[in-house]
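The structure under discussion appears below in the form of structure tokens.
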Amino acid sequence: MTAKPQDAFEKARKFNRVEEAHAAGLYPYFKAIQHHHGGSVMVDGEEYVLTGSNDYLGLTQDERIKQAARDAVATYGTSCTGSRFLTGTLDIHETLEHELAEFFGKEQVLVFAAGFLACASSVAALTGRHDLIYFDRENHASLYDGFKLANVRNEQLRRFDHNDANDFERLLKEDEGKPGGRIVYTEGVFSMSGHIGVVDKIVEVARRYGCRVVCDDAHATGVLGPLGQGAHYHFNLQNEVDLVVGTFSKSFASVGGFVAGEREVVEWIKHTARPFIFNAALPGPNAAATLEALRIMRSEPEHRERMWKNVNFMRDNLLTLGFDLLGSDSPIIPVLAGDDDTAILFWKGLWAEKIFTTPSLPPAVPKGQSIIRTSYNGAHTQPQLEKALHAFEKVGRELGVIS
Ligand SMILES: Cc1ncc(COP(=O)(O)O)c(C=O)c1O
């Protein structure tokens, strides 16, 4: 008789790092929120100032958006229970697509059940066998996983230094004469460093080499541009960014994703992208919440103005205290802790002060550059920001992160 094979689940039983971290009181993740108030949340019956969400405009608690979602439950129920392709398309998906297309200044929009799927679908549908893909070293995991979902081969991938259009051009030059098309992926606002992407420089280089430009605006929609349309409006490149991909899970106070671009390209994605076709549609209540948030975003600039006022207040004060914010120029403000242990202790110190943050450790950030990833929004009150600032100062000094 042959020997029994190894148990494939054995690795899970040996995985005890999480239990050890819990036992030491050093596990910062999966904190269950009992009640959300916008700038603060209740956890275990205690109130914490929340400085790590992606609710940039502070709209998740807006009564009009909540009501739109409730009304949609009454009309559409709680789920589409099927792909957009088959029985999952609702009239509200189409209304949302039309209004988003107008907002983004693009011919057509396609709505997805998640931003992750929108990003993966753009890779899956648009990458031909010989096409070359250029992307920023700091691009989000959804792009990397999109490569895998799309079966893109390593030989097709070119990674350039973060926000470095010269390095991007170097790679394009090396590939001159090679067959296939070229697509570059960048981001409007990078999710960890908080840097605004140099989309203008990327576009300028891409145009000279016949390379298509895709911008992931997950963190830029609602944040950049005169009405929050994103990086292509911020840089006045409405037509030069070929495809905008993004999410409803941040400024839109909902969940879901989109691609926005030329009609033929969006139709192609709609009919060929497996992550779109083989996935149940965005539920009606989420579509309705997104649509209401879009209308508020378009007509009430005060949410964005309040966000920037809060962001500038926090950035100026954290810099004055001596923190290294990695050059962030957006609502995402990473506070550099250094090694992983310091980042975890930093989180623990802030938690004790009733500030809810999360540490970002490798592989989400480079080794030795662990951060407390903070972000500020239109819902934070001045007392909440001041409380957070005092906590950062106290814990930062205790740990020697600042002197
Ligand atoms: C840059 C970026 N792209 C895409 C996504 C995926 O969006 P979603 O949460 O809608 O799947 C995220 C979410 O964290 C993101 O930060």
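Just a few scattered comments:
- One residue from LEU350, LEU385, LEU389 being over 16 Å from GLU47 (Cα atoms), in contact with a helix residue (DSSP H, G or I) (Cβ under 7 Å, 6 or more places away or on another chain) and in a helix (DSSP H, G or I): LEU389
- The residues of segment 254-264 that are within 9 Å of the ligand (Cβ to nearest atom) and either surrounded by 24 or more Cβ atoms within 10 Å (Cβ to Cβ) or not hydrophobic (A, V, I, L, M, F, W, C) (or both), listed by number, are GLY256, GLY257.
- Filter result for THR75 (farther than 19 Å from SER251 by Cβ and away from the ligand (no atom under 16 Å from the Cβ)): yes
- Consider segment 121-140 and keep the residues that are within 15 Å of the ligand (Cβ to nearest atom), in a loop (DSSP other than H, G, I, E, B) and not polar (S, T, N, Q). The one that is surrounded by the most Cβ atoms within 10 Å (Cβ to Cβ) is HIS140.
- Whenever a residue of segment 112-130 is closer than 19 Å to HIS93 by Cβ, its partners that are within 11 Å of the ligand (Cβ to nearest atom) and among the aromatic types (Phe, Trp, Tyr), lying with C-beta atoms within less than 7 angstrom and at least six residues away or across chains, give the pairs PHE112/PHE258; ALA118/PHE112; ALA118/PHE258; SER121/PHE112.
- When PHE235 is tested against (1) closer than 23 Å to ASN163 by Cβ; (2) aromatic (Phe, Trp, Tyr); (3) within 13 Å of the ligand (Cβ to nearest atom), just one condition goes unmet, and that condition is (3).
- Any hit, segment 59-69, residues being within 16 Å of the ligand (Cβ to nearest atom) and touching a Cys at 6+ places or on another chain (Cβ under 7 Å): no
The rows are residues; the columns are (1) at pLDDT below 95; (2) basic (Lys, Arg); (3) under 16 Å from MET192 (Cβ atoms).
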{"position": "ASN286", "(1), (2), (3)": "no, no, no"}
{"position": "ALA293", "(1), (2), (3)": "no, no, no"}
{"position": "GLU300", "(1), (2), (3)": "no, no, no"}
{"position": "GLU305", "(1), (2), (3)": "no, no, no"}
{"position": "LYS309", "(1), (2), (3)": "no, yes, no"}
{"position": "ASP324", "(1), (2), (3)": "no, no, yes"}
{"position": "THR342", "(1), (2), (3)": "no, no, no"}
{"position": "LEU345", "(1), (2), (3)": "no, no, no"}
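- Candidates GLY38, GLY45 - the one that is among the small types (Gly, Ala, Ser) and modelled with pLDDT under 95: GLY38
- In segment 203-218, the qualifying residues are those that are among the acidic types (Asp, Glu) and without any contact (Cβ under 8 Å) to a residue 60 or more places away in the chain, and the one that is surrounded by the fewest Cβ atoms within 10 Å (Cβ to Cβ) is GLU204.
- Set side by side, the residues LEU143, LEU96, LEU100, LEU117 differ, and just one is within 16 Å of the ligand (Cβ to nearest atom), of a type in the set (A, V, I, L, M), over 24 Å from VAL199 (Cα atoms) and assigned to a helix (DSSP H, G or I), which is LEU96.
- Residue in segment 245-253 that is part of a helix (DSSP H, G or I), within 11 Å of the ligand (Cβ to nearest atom), modelled with pLDDT of 95 or more and closer than 21 Å to THR78 by Cα present: no
- Qualifying positions in segment 182-206 - in a strand (DSSP E or B) and basic (Lys, Arg): ARG182
- Criterion: within 16 Å of the ligand (Cβ to nearest atom), more than 29 Å from VAL335 (Cβ to Cβ) and surrounded by 23 or more Cβ atoms within 10 Å (Cβ to Cβ) - qualifying residue of VAL199, VAL184, VAL223, VAL189: VAL184
A quick yes/no check of all residues on (1) surrounded by fewer than 23 Cβ atoms within 10 Å (Cβ to Cβ); (2) farther than 26 Å from PHE103 by Cβ; (3) more than 21 Å from the chain's Cα centre (by Cα):
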residue: ASN279; (1), (2), (3): yes, no, no
residue: ALA289; (1), (2), (3): no, no, no
residue: GLU305; (1), (2), (3): yes, no, no
residue: ASP316; (1), (2), (3): yes, yes, yes
residue: LEU319; (1), (2), (3): yes, yes, yes
residue: ASP324; (1), (2), (3): yes, yes, yes
residue: ILE333; (1), (2), (3): no, yes, no
residue: LEU336; (1), (2), (3): yes, yes, no
residue: ASP341; (1), (2), (3): yes, yes, yes
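The values are calculated or read from the model by the stated rules, or taken from the named source; none is laboratory data. This is a predicted model, so every value here is computed, not measured. For neighbour counting, all protein chains shown are included, and Cβ atoms are generated from backbone atoms with ideal geometry for every residue, glycine included.
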